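Quick notes on the structure that follows.
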Amino acid sequence: MTGRRSTNLSRCSAAPILTVAATALLLSACGGSGDSSGDGAPTTGSVAVLFTDAPTDAFCEVNATVTGIDLLSDGGGHTNLYSGEKTIDVLAMRNFSDFFTVDPAVPVGSYSKVRLTLSDLALVECDADGTPEPQEGWDHPRLPGNGKLDLNPRGTFEVVGGEMLVIELDLDMEKSLHAHETGAGTWQFRPVVFVTIRPDDQHLVRVYGAARNVGATSFELCPIEPVSTMDGHSMTPGTECLDVYTDGATGIFDESGNPVALAALGNDDLLTAIGFLGLHDDADGDTRDDDLRLDAAVLEYGELGTYQRLAGGVLSAPGNNDLFVFEPLGLAPLDVRLQAGTRIFAIGSNVELTSAALQPGAIGEVDGVFTDPVTDGEPLKSSLVVLDQDTTPGVSVLGATVAVIDPDDDAVPATRRFEVDTATTTAQCVRTDADTRYLAIAESADSSETTEILFTDLAVGDDVDVYGSMEGDACVLADTVQKYVTAP
């Protein structure tokens with residue numbers, strides 16, 4: 001991106017940037033770009049890339065080393081969005097979306113693919129105390145396509161001059177890492193990546209950085225790097241900043257985990273903003289809703305790591321003292337205090353919950369700070385709780401073959417049925433609905449391509465994996481159907 005200029009980004013400071021990886025994230029908070037042609041029409045737009053994940057219980061870390069992200073057109077052209085080497089823990093993003101990069105000057109036009117290039121994938125197990133195993137014990141599955149993963153959303157997408165396009169890549173590790181091991185004793189990685197082309201306000205987004213231009217209800221946040229990085233932490237904020245807005249419900253907490261007002265935030269203070277991403281017009285004169293903004297649910301003051309993020313389960317509901325008992329994975333149960341401003345959300349959505357959702361058996365994740373120094377019996381002071389509200393047991397039908405496709409039911413066009421056979425079962429009923437997603441995954445020695453398809457692209461004889469839940473009529477209600485084909 002050297003030599004490109006951006007004309008409608010929010011400027012913070014002239015602080016130098018130390019690393020390529022930091023530069024990629026620092027630009028990610030920016031609004032649209034606007035290099036112009038001779039007639040004044042913008043010839044470039046901005047493209048931001050975010051990552052998220054659907055978690056797997058098989059590992060405590062899945063560390064992906066990203067070396068490239070490109071946009072490809074049907075005509076064979078490509079535009080590089082990121083080139084470098086950045087390792088992220090994909091599982092760290094199980095409850096939120098994380099910025100990775102933004103290119104503020106992408107040529108306008110129609111694109112059909114996102115190429116994600118990985119140089120390594122490390123599967124890390126933890127012991128009973130949650131400590132990762134030594135690096136020599138990590139599993140590194142073979143990367144199909146020499147690590148070049150071509151991702152096709154349904155249809156083409158447009159980069160519009162002077163406007164921001166947001167691409168979210170959902171690396172679904174639960175479906176990518178098969179439960180069975182290969183004959184070589186290593187796990188098989190068949191990448192399942194969903195592509196969303198828009199700011200997705202259904203997922204919490206975390207941004208860590210330094211504050212600038214703090215006002216009564218808003219400020220600029222100059223990001224430092226992805227919160228899921230495994231490469232160590234830079235402390236240098238950049239020059240491109242994200243507009244963050246608060247309201248009366250925003251929970252704001254200081255470095256000790258205590259509720260405070262936004263006025264306690266000063267310029268250059270470090271914090272993590274957690275909220276929902278959208279587009280707006282930041283009064284830069286172009287009247288377009290093409291600038292990124294974050295509507296903050298929670299602000300956590302302090303350096304990255306000041307707030308603990310503990311995954312586990314609720315053991316007892318809150319009492320009159322606003323305490324509930326939470327058992328983090330690998331740790332002893334502890335008391336968690338609900339505070340003024342503590343927010344509770346359902347995982348993977350913008351649905352806000354009340355403390356009534358904190359019932360024994362509920363699982364999720366808690367953000368908070370212990371007293372310093374830590375005193376035995378002192379509760380964790382919480383800022384954010386996210387809970388898994390989908391308690392339906394999941395099922396998978398792997399290594400199946402489509403045996404029968406029922407005729408279309410015109411009365412309910414979004415609901416289709418088919419049957420699959422496996423090595424151990426025959427005529428397993430599968431039902432789909434409007435939320436079912438379909439992927440075609442084609443692999444060869446030197447390529448791996450994932451394309452989002454339609455139900456009508458399924459045919460008898462197709463090799464498929466089906467993920468979903470069981471219904472009362474013994475059908476699997478599919479949330480995902482993955483079709484495997486051999487690439488030419």
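Read the figures in this text as sums done on the coordinates, not as results from a lab. None of these values were measured; they are calculated from a predicted model. Here Cβ is always computed from backbone atoms with ideal geometry, including for glycine, and neighbour counts include all displayed protein chains.
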**OP:** Only bridges with both residues in the range 308-387 count here: give the DSSP antiparallel percent, nearest 5.
**Re:** 80
**OP:** With only Lys, Arg, Asp and Glu charged, each at its Cβ (+1 for the first two, -1 for the last two), find how big the charge dipole of the range 332-408 is about the Cα centre; round to the nearest 20 debye.
**Re:** 160
Subject >> Ranked by how many other beta carbons lie within 10 Å on average, peptides 385-398, 58-71 from highest >> reply: 58-71, 385-398
Subject >> Under Karplus coefficients 6.51, -1.76 and 1.60, residue-wise ³J(HN,Hα) of the range 241-249 in Hz, glycine/proline x >> reply: 10, 9, 7, 10, 10, 10, 9, x, 8
Original post:
Which number comes out as Rg/Rh for the range 335-406 once both Rg and the Kirkwood Rh are worked out on C-alpha atoms?
Top reply: 1.25
Original post:
What ³J(HN,Hα) values, in whole Hz, does the Karplus curve 6.51 cos²θ - 1.76 cosθ + 1.60 give for the range 98-115 when θ = phi - 60°, with x put for Gly and Pro?
Top reply: 10, 5, 10, 7, 9, 9, x, 9, 9, x, 5, x, 9, 10, 10, 9, 10, 9
Original post:
How about Lys148: which lysines have a C-alpha closer than 29 Å to its C-alpha, ignoring those fewer than 8 places off in the same chain?
Top reply: Lys86, Lys113, Lys175, Lys483
**OP:** Would you order Ile344, Ile405 from fewest to most other beta-carbon atoms within 10 Å of each residue's own beta-carbon?
**Re:** Ile405, Ile344
**OP:** Provide the gained length on full extension for the span Ala445 to Glu303, in nm with one decimal, where the gain is 0.36 nm per separating residue minus the Cα-Cα distance.
**Re:** 46.7 nm
**OP:** Tell me which residues come under 5 Å, amide H to amide H, from Phe96 once H is placed; ignore anything under 5 positions away on its chain.
**Re:** Asp53
Subject >> Peptides ranked, highest mean first, by Cβ atoms within 10 Å: ranges 299-305, 132-138 >> reply: 299-305, 132-138
**OP:** Indicate, rounded to the nearest 5 percent, the antiparallel portion of the DSSP beta bridges found entirely in the range 395-486.
**Re:** 75
**OP:** Any chance you could tell me what percent of the C-alpha pair distances in the range 408-488 go past 23 Å?
**Re:** 23
**OP:** Show which aspartates and glutamates lie in cross-link reach of Lys381 when reach means a straight Cα distance below 18 angstrom and same-chain residues fewer than eight apart are skipped.
**Re:** Asp254, Glu255, Glu300, Glu303, Asp322, Glu327, Asp335, Glu365, Asp367, Asp372
**OP:** Taking amide H positions as placed in the peptide plane 1.01 Å from N, state which residues far from Gly302 in sequence (5 or more) or on other chains have amide H under 5 Å from it.
**Re:** Leu270, Leu271, Thr272
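Of the listed peptides 118-124, 292-298, what is their order by residue-averaged count of other C-beta atoms within 10 Å, with the highest listed first?
Those peptides, ordered most packed to least, come out 292-298, 118-124.
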Original post:
Among Cys126, Cys222, Cys475, which comes first, second and so on when ranked by fewest other beta-carbon atoms within 10 Å?
Top reply: Cys126, Cys475, Cys222
**OP:** Determine, for Glu168, Glu352, Glu419, the number of other Cβ atoms within 10 Å of each Cβ, and report the residues in order from fewest to most.
**Re:** Glu352, Glu419, Glu168
